[in-house]
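Structure first, commentary second.
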Amino acid sequence: MPRMPRPTLVFVVDGLRPDSISPEDTPTLHRLRAEGVSFAAGHATFPTVTRVNAATLATGAHPRAHGILGNTMFVPEVNPTRAFSNDDWRNLVAVERATGLVPIPTLAERLSSSGARFAAVSSGSTGSAFLLNPRAPAGVGVLVNGYFTPGTLVAYPPDVNATILARFGPAPPRGGSAERFDSAVDWAETVLRDYVLPELAPDVVINWITEPDHTQHALGAGSPEARASIRNADRHVAEILARVDANVIVASDHGFGVNTARVDVTHELVESGLKAGPDSDDVVCATSGQAMALYLKDRASERVRKIVAFLQARPWIGVIFTAQGDVEGAFPLALIHADHPTWAPDVLFTFPWTSARNEFGVPGTDTGDAASKVASDHGSLSPWTVGSTLLAWGPAFKRGTTVRAPAGNVDVAPTVLALHGLDASGLDGRVLREAFADGPDEEQLTVETRAHTAEAAAGRYRAVVQISEVDGRRYVDKGWRIMSRPYPGPA
């Protein structure tokens, strides 16, 4: 396969809301969006959490295909009694050994099989990094993260690992402060800029910049500290583009909303008699912050209905989905592409959200699961968490163009494949041809938007999920429970 004259760089800025891009804080990203293609309706994949979207970006597939349905997972072959976090790559390796992980071809595999070179460089969690290229240990492409085994294993393959440790040393300690997370970003970006790009010369790079996610979790979107982290990320993008002539895609894995209330779902289920105890395995709770999945041991339809009816009577419930698909007042998991044949939960639900502003003037509030213990979060069907950053810039793309039709993280991999002349058919995402310099008129895309409704308890519970469709692809816009007034939080 002839190589593209320019590489494709995909920058994923973790938690970057589209409205955080400004001339003051992000002069580089602001310029790229103005000069290139701005996708005004970027979509994160639901649940709108990091590892779900890492897998989607790496595959061009929905959760029903790649199998990552939240930031925690319940895989009985790994742990038969409780869910576990997939932020730790070792847990994902355990899944790989027990059942297989991401059973579909990744972007890295598709590129490598065609002779193109792929690299993923991440300052995020080891779990999100691993999902960008889970076949790296088997020799597919390059994968860099400073925290796999700090000071010992920071990259695949082994020769790349040895070179990085010799030239750049171990990654700095992370966590505990915005400065430490920014230091993790600095280390990874230096490795990318000074070694991976000039010496390994990959055709495609996914560069995962972990901030402002952690700072926003702790202090909120729009906080001075979060804005400082965003400026640092923007600085690194500028330094890389000053050295590389590339086609560029910038995305974020999700948006953000401040948590104004928290619910202890496990306690509520135990108190109601629907779960035997906090650690019982009759109902396993798998939290994604502003979304929650429930796995029932017996999977009996009547038991599912009882739990759904209980949830519908709670003031803190949002939208409910079930694997059964015929439960009154609940939507089928298939509507949101979450009907994985093995790992789909029996019940998946969200909490209430509003468009109220936080103390920094940033819109979007949510209720979240008490186990999350963060000030701000994501995971919900709020437009403030579904709405994600997406822009394209470079010679392959149009200039000064806004695309108003829905697009999303699921479209990134097929678009990258098309840029490199490779077949992108059979993926859940679509090729964003309206962004290509020789592509169709961006205003001549047909968009069909429909509000799906569900109700139960003689109309006392009603919910809506808005879906938009482009070229046969469905995008989940938002979902909410119809309430007479916003949920005020626990009494």
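Since every read-out is calculated from the coordinates, none of them should be taken as a lab result. Since this is a predicted model, take the numbers as computed values, not measurements. Cβ: placed from backbone, ideal geometry, glycine included. Neighbour counts: every protein chain shown.
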Counting sequence-distant residues (5 or more places) and residues on other chains, those with an amide H built under 5 Å from that of residue 15 are 253, 254
What full-extension length gain, to one decimal in nm, is calculated for residue 276 and residue 79 as 0.36 nm per residue of separation minus the Cα-Cα distance?
69.1 nm
What's the whole-number percent of alpha carbon pairs in the stretch 260-369 lying beyond 25 angstrom?
21 percent
Going 7 Å from the Cα of residue 113 in the Cα-to-Cβ direction, what parts of the stretch 57-91 have a backbone nitrogen less than 15 Å from that spot?
59-61
Go through 7, 161, 456 and say which Cα lies farthest out towards the positive end of the charge dipole of the chain; charges sit on Cβ, +1 for Lys and Arg, -1 for Asp and Glu.
456
Determine, from the Cβ-Cβ distance of residue 168 and residue 458 and an R0 of 60 Å, the FRET efficiency 1/(1 + (r/R0)^6), rounded to the nearest 0.05.
0.40
Here the net charge surrounding residue 336, from other residues whose Cβ is less than 14 Å away from its Cβ (Lys, Arg +1; Asp, Glu -1), is +1
Shape descriptors of the stretch 169-256 over alpha-carbon atoms, Rg and Dmax in angstrom, are 13.6, 38
Provide the descending list of Cα extents for the stretch 420-491 along its principal axes, expressed in whole angstroms.
57, 23, 22
Can you give me the pair-distance distribution of the stretch 322-367, C-alpha pairs, 5 Å bins, whole percents?
5, 19, 20, 13, 12, 11, 11, 7, 1
Cα centre as origin, Lys/Arg/Asp/Glu Cβ charges: the stretch 260-369 dipole, Debye:
160 debye
The chain - mean residue ellipticity at 222 nm from DSSP helices (-39,500 (n - 2.57) per run, n ≥ 4, rounded to 500):
-7500 deg cm²/dmol
I'd like the antiparallel share, as a percent to the nearest 5, of DSSP beta bridges with both residues in the chain.
60 percent
Which order do peptides 452-462, 38-48 fall in by mean Cβ count within 10 Å, highest first?
38-48, 452-462
Around residue 481, under 14 Å between beta carbons, what's the net of Lys plus Arg minus Asp minus Glu among the other residues?
+3
Place the peptides 322-331, 352-361, 221-230 in order of packing, highest mean first, counting for every residue the other Cβ atoms within 10 Å and averaging per peptide.
221-230, 322-331, 352-361
Counted charge near residue 15, where neighbours are those whose Cβ lies closer than 12 Å (Asp, Glu -1; Lys, Arg +1):
-4
Candidate values (i) 36; (ii) 18; (iii) 32, label of the one derived for percent of Cα pairs over 39 Å apart
(ii)
Lysine pair count for the chain [Cα-Cα under 28 Å; pairs on different chains or 8 or more apart]
7
Can you tell me the order of 9-21, 74-86 when each peptide is scored by its average per-residue count of other Cβ atoms within 10 angstrom, highest first?
9-21, 74-86
Please state the shape class of the stretch 1-75: rounded when a/c is under 1.5, otherwise prolate if a/b exceeds b/c and oblate if not, all from the C-alpha gyration tensor.
oblate
